Amino acid sequence: MQTTAHLDVIRLEDEWGRQQALAVMRATYRDEKNWIRSDDQLVDPEDLGRPEISWFVARQEGMPVGVLRVLYEPPLDLYAKYGFKLAVPGLDLEEFIRCHRIAEIGRFAVVPEHRSNFLVAAGLMREAVAETIRRDFSHYLTDVFEGELHSPYAFHRRVLGFEVVATHDTGELNCENRRITMLLELRTSYRKLQKSGSWFYRYLTEGWTEEMHASMTGNAAVPAPTTW
């Protein structure tokens, strides 16, 4: 757990934690956006026992205000059925997912009254990134909606360095906006943030071990990153 100015981020481990996540998902994905109606689709109770899925909840003074889900090694059939239109010439997205340690970032939501607080999104990403690096994954993949008012597109592009790799028109959520698929190589993002010397780099890496830093600089015994 990390705490900053009465903001803490917890990892879901039980039904109490699931109810915390549901409070955010009901307020955003269900009531505000009408993207999903069923609680089991918002936060599946079976997710709590699955090692390939992590849910994080940000809480402001004990109240749940944001969520984020990480799906490690997402199944290829999850993407194959969507009919991608590639934005990067020569990129075989399915092959790329197959050959790299990919984690999918999804269900990224902040309740309306706390969207102006950048630390909510930053805190969620800090916890997710730390776990992802400890588990030796190399890339993040995510979908955002084109033109959606509260899309994290700008945060992903400008702050973290995600790149657009494809678009598709259909997905699991009830939204008519085109989906934009984005990919992030974690080492590249780390080096960009480190070079900037920004407060966000210091915030993101607070509490990291030397081994975590080494894995991002290429000084550890891990495979070199692949570009496309």
Rank these by accessible area, largest first, 1.4 Å probe: 213, 6. 6, 213
Accessible area per residue, 1.4 Å probe, Å², for the chain: what's the number? 49 Å²
When the chain is treated as a Gaussian network with springs between alpha carbons less than 10 Å apart, the largest mean-square fluctuation among 127, 172, 52 is found at 172
Nearby lysines by direct alpha-carbon distance to residue 85 (threshold 29 angstrom, same-chain neighbours under 8 apart not counted): 33, 192
Springs between alpha-carbon atoms under 10 Å, Gaussian network over the chain: tell me which of 67, 57, 159 tops the mean-square fluctuations. 159
Taking springs between alpha-carbon atoms closer than 10 angstrom, which of 20, 41, 60 fluctuates most in the Gaussian network model of the chain? 41
What whole number of Å gives the distance from the Cα centroid of the stretch 175-216 to the Cα centroid of the stretch 100-157? 11 Å
Please get the size of the charge dipole for the chain, origin at its Cα centre, with Cβ charges of +1 on Lys and Arg and -1 on Asp and Glu, quoted in debye to the nearest 20. 780 debye
Note on the chain: the mean projected area of its alpha-carbon convex hull, in nm², is 12.1 nm²
As a test of the formula, what do you get for the chain when each DSSP H run with n ≥ 4 contributes -39,500 (n - 2.57) and the sum is divided by the residue count, at 222 nm and rounded to the nearest 500 deg cm²/dmol? -8000 deg cm²/dmol
Mind putting together the pair-distance distribution for the stretch 80-134? All Cα pairs, 10 Å bins, whole percent per bin, short to long. 17, 34, 30, 19, 0
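The values are calculated or read from the model by the stated rules, or taken from the named source; none is laboratory data. All figures in this text were calculated on a predicted structure; none of them were measured in a lab. Backbone-built Cβ (ideal geometry, glycine too); neighbour counts: all protein chains shown. Note: areas computed on protein heavy atoms with side chains; ligands, DNA, RNA excluded. Shrake-Rupley method; radii C 1.70, N 1.55, O 1.52, S 1.80 Å.
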